[in-house]
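Here, each number is a calculation from the coordinates, and none is a lab measurement. Note that the structure is predicted; figures quoted are calculated from it, not measured. Here the Cβ positions follow ideal geometry from the backbone for every residue, glycine too, while neighbour counts run over all protein chains shown.
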Amino acid sequence: MEQTTEYQEVKGNREVKSSLFAKIFSDKKELLELFNAVNGTEHRDTDELEINTIEGILYMTTKNDVSFLIDSAMNLYEQQSTYNPNMPIRGLRYFSQLYNKYIKMHGLNIYSSKLQRLPVPHYVVFYNGTKEEPDEKTLRLSDAFMTESNNDRKRGCLECEVRMLNINYGHNKELMKKSQRLKEYAIFVDKLRKYAKEFPNRLELAITKSIDECIEENVLKDFLMEKKSEVLEMLDDLFDKELYENDLKQTAFEEGEQIGLEKGEQNKLISLVQKKLQKGDSIEKIADDLVEDVEIIKEIVDELRLQ
């Protein structure tokens, strides 16, 4: 009983979601290999790569797994264990924050009569859920736009394309050949699911057996040996709850939890705005300090003034 309770405590912490993938590929050597595998390039110098992952309190409403600059490109890599057709919407939010950060860091004047140059955006989602998906799929923001009918699709002025790659073991074999670390990650997840099925009521045992077997087979061996205790706290994202809950209940749970999470994040943002207003800060200064869109801050301020 203690094992199940301990795992549930870890499972309830949304902050560690996807952190195993992020932890592995936050290493510049591994990330550069993955970038080369995905893009068919042959970069060798890790100094070319500048990691700019969004994290910390100022970006609490938007966090991502790994983002980085290389070769005049802004790259955003996300791992997803549940198929999510809304990734382009999330991508729009991510890139808004990333470009705000870039513009501020490089002192770009967007009001200048001279064109300000920006890195090209590339968004890749590494999918390893149990829902059957092809090796590669493109998700588009425009698919979410409201239209009068399917035959009357209005393109609008915005687009965000997500390249979704299926990294379940057995998929994208050519990609796996080019990135040994990604292949090992896929094998580890596959073992984890296998033992979760074998020991559905002893999940800690499933985790331990997966880790030990991978170490024996030289799969993520150096990483798992060094960070074995940390890995036990990072595995929420790797367990697909569909193994022991029906799809309807799981979908309702995740959607409800996500709504609650976003509401909590929004409340934190409102609280920060309120404190800054009390200090006499202007809307523009608050937006700049919190790296948020001025219109979003203005809406919050207007709501606060009506209370």
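Listing Leu290, Leu34 from fewest to most neighbouring C-beta atoms within 10 Å gives Leu290, Leu34.
Treat the count of other C-beta atoms within 10 Å as a stand-in for reagent exposure and order Arg202, Arg181 from fewest to most.
Working: Arg202 16, Arg181 19.
Fewest-to-most ranking of Arg202, Arg181: Arg202, Arg181.
Just in the stretch 83-164: which GluC sites (Glu not before Pro) are loop by DSSP and have at most 15 other Cβ atoms within 10 Å? Walk me through the numbers before you get to the answer.
Numbers: sites: Glu132, Glu136, Glu148, Glu159, Glu161; in loops: Glu132, Glu148, Glu159.
Sites meeting the loop and neighbour criteria: Glu132, Glu148, Glu159.
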